[in-house]
1. Quick one: the Cα spread of segment 2-174 along its three principal axes, in angstroms, biggest first?
2. Mind checking the dipole of segment 2-174: about its Cα centre, +1 per Lys or Arg Cβ, -1 per Asp or Glu Cβ, Debye to the nearest 20?
3. So what is the relative contact order of the chain, in percent, for Cα pairs below 8 Å that sit 6 or more residues apart?
4. Could you work out which residue, out of ALA147, ALA114, ALA30, moves most in a Gaussian network model of the chain, that is, has the largest mean-square fluctuation with Cα springs under 10 Å?
5. Among HIS73, PRO86, ALA37, whose Cα projects farthest towards the positive end of the dipole of the chain, with charges put on the beta-carbon of Lys, Arg (+1) and Asp, Glu (-1)?
6. Could you check the simple spin-label distance between LEU69 and VAL130, using points 7 Å along Cα→Cβ, in nm with one decimal?
7. Just check segment 90-151 against the gyration tensor rule for me: Cα atoms, a ≥ b ≥ c as the square roots of the eigenvalues, rounded for a/c under 1.5, and otherwise prolate or oblate depending on whether a/b exceeds b/c.
8. Say each of TYR116 and VAL35 gets a label point 7 Å from the Cα, pointing the same way as Cα to Cβ; how far apart are those two points in nm?
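Rule-based calculations on the coordinates, nothing more; no lab input. All values reported here derive from a predicted model rather than from experimental measurement. Cβ placement follows ideal geometry from the backbone for every residue including glycine, while neighbour counts extend to all protein chains displayed.
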Amino acid sequence: MLARLNRLLDGIARITSWVALSFLAFMMVAITLDVVARALFGRAVPGLFEMTEMSMVMVVFMGLGATLLDDGHIRVTMMTDVLPGPWSRGCTALAWLFAGLTFVMLAWPATQEAIYSFSIREFRWGYFQVPIWWAKIAVAVGLWFAALQAVVHALRIALKQVALPELDRIPSDLH
């Protein structure tokens with residue numbers, strides 16, 4: 001069951017990574033267009049700054065899930081490298097569990113803020129009104145997804161469903 005849940009989470013992470021990639025592409029085109037407009041006409045394109053600002057939020061929080069797929073989260077393995085195999089696995093699983101709890105601690109207030117922002121249809125003034133409630137919802141969704149991913153990953157490590165590269169580097173007499 002855990003393996004099926006992990007496959008589902010991986011599929012969702014791939015979808016959110018495409019969303020993040022789309023917003024990144026938009027940012028690249030928009031910023032280039034804005035630079036050209038400033039050079040040719042001496043003025044920025046109205047609203048592009050605000051839209052690229054919202055796009056950055058989408059790139060970060062929709063791309064968060066894809067980071068686990070690529071094993072791209074930053075971690076320090078100095079302690080787990082010298083521990084015997086079961087202890088190393090246990091500490092790594094515990095670290096992922098704490099990461100999940102940290103995401104939950106960030107997701108809860110983000111969710112409250114998203115609910116409030118949606119209820120008042122919050123917007124940001126720039127050249128014109130840019131709704132920002134949708135980006136706040138995306139932040140909350142991205143954080144809850146990352147929390148779920150981290151907890152499932154912790155369980156999979158604890159249940160030996162995930163190979164740990166740092167265990168492969170430890171001499172066999174230390175296992």
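1. 70, 38, 27
2. Values: 13 positive and 12 negative charges, 67 e Å.
With only Lys, Arg, Asp and Glu charged at Cβ, the dipole is about 320 debye.
3. Relative contact order of the chain: 28 percent.
4. Checking each option, the largest mean-square fluctuation is seen for ALA30.
5. Value computed over the given set: ALA37.
6. Here the answer is 2.7 nm between the modelled labels.
7. Numbers: a/c = 4.38, a/b = 3.20, b/c = 1.37.
Here segment 90-151 falls in the prolate category.
8. Placing both labels 7 Å along Cα→Cβ, they lie 3.8 nm apart.
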